[in-house]
1. Extension gain Q155-K98, at 0.36 nm per residue separation less the Cα-Cα distance, in nm?
2. Please list R152, R106 from largest to smallest accessible area, probe radius 1.4 Å, with all protein chains kept in place.
3. Mean-square fluctuation check for the chain, GNM, Cα pairs under 10 Å: which of T50, T171, T97 is largest?
4. I need the phi-derived Karplus couplings for segment 103-110: 6.51 cos²θ - 1.76 cosθ + 1.60, θ = phi - 60°, integer Hz, Gly and Pro marked x.
5. How far is it, in nm, from the label point at T191 to the one at E43 when both lie 7 Å from their Cα along the line to the Cβ?
6. Heads up, I need the accessible area for Y89: 1.4 angstrom probe, whole protein in place, Å², nearest 10.
7. Under 23 Å between C-alpha atoms is the cut-off here; go through segment 60-203 and count lysine pairs that meet it, provided they're at least eight residues apart or on different chains.
8. Give me the number: length gained by fully extending W168 to E135, i.e. 0.36 nm times residue separation minus the C-alpha to C-alpha distance, one decimal in nm.
Amino acid sequence: MRLPRGSVLVVASHNPGKVREIKALLGPHGIEPVSAASLNLPEPEETGLTFLANAELKARAAADASHHPALADDSGLWVNALNGDPGIYSARWAGPTKDFRIAMARIEKELREKSATDFSAKFVCALSIALPHGEIKSFEGEVHGKLTFPPRGVQGFGYDPIFIPDGWDQTFGEIDPQVKNDMSHRAIAFTRLLHSGIFAESL
């Protein structure tokens, strides 16, 4: 699999924050990203039991429906004291309105109810890139850290305001977005994708 400069690549997500991050990562590589939402592609049901399975499911659905290569991300927050929750259900914890204030409050509540002293957590990202009715490749990345409450910062999206990456005292919600993009779980997975030689510039 190799995408030449100027290729259209569908970003298989309806999450504006996630699309924005992926477009920023794609920018230097001569690829023309378009969002699944802008093409009115339906969101497939995420029936996979892992981040990787869901990323592959979404990439395949978008590629086959759009007739363009598609890049899908499945990512979430893994909290050790909650046995990995919310994990692959990270978006669903935010409810039908996708209000992550609800999700962050639920995490805090469950940790308090367990009298947890371990606030360690990690963000996990699986990226899959698929050709229409063809090949698919996947890559994963993780960033480790700890949780803090109440949420801090208005940068980023999702659970960023409660996650402090290792070696920092700021949350992802407080860190400059460009700095976060260079160190995030999504950036790590994306770096592995680049090193695979899929984009001409990465060879």
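The values are calculated or read from the model by the stated rules, or taken from the named source; none is laboratory data. Source: prediction; values computed, not measured. So basically every Cβ, Gly included, is an ideal-geometry build from the backbone, and we count neighbours across all protein chains shown. These area figures cover heavy atoms from the full protein model, side chains too; ligands, DNA and RNA do not enter into them. Shrake-Rupley method; radii C 1.70, N 1.55, O 1.52, S 1.80 Å.
1. Working: separation 57, 0.36 × 57 = 20.52 nm, distance 1.67 nm.
Extra length available between Q155 and K98 comes to 18.9 nm.
2. Values: R152 75, R106 100 Å².
Ranked list, largest accessible area first: R106, R152.
3. Greatest mean-square fluctuation among the candidates belongs to T97.
4. Calculated HN-Hα couplings, in order: 5, 5, 5, 5, 4, 4, 4, 5 Hz.
5. Roughly 3.0 nm, to one decimal.
6. Here the residue's solvent-accessible area equals roughly 100 Å².
7. 11
8. Details: separation 33, 0.36 × 33 = 11.88 nm, distance 3.89 nm.
Full extension from W168 to E135 adds 8.0 nm.
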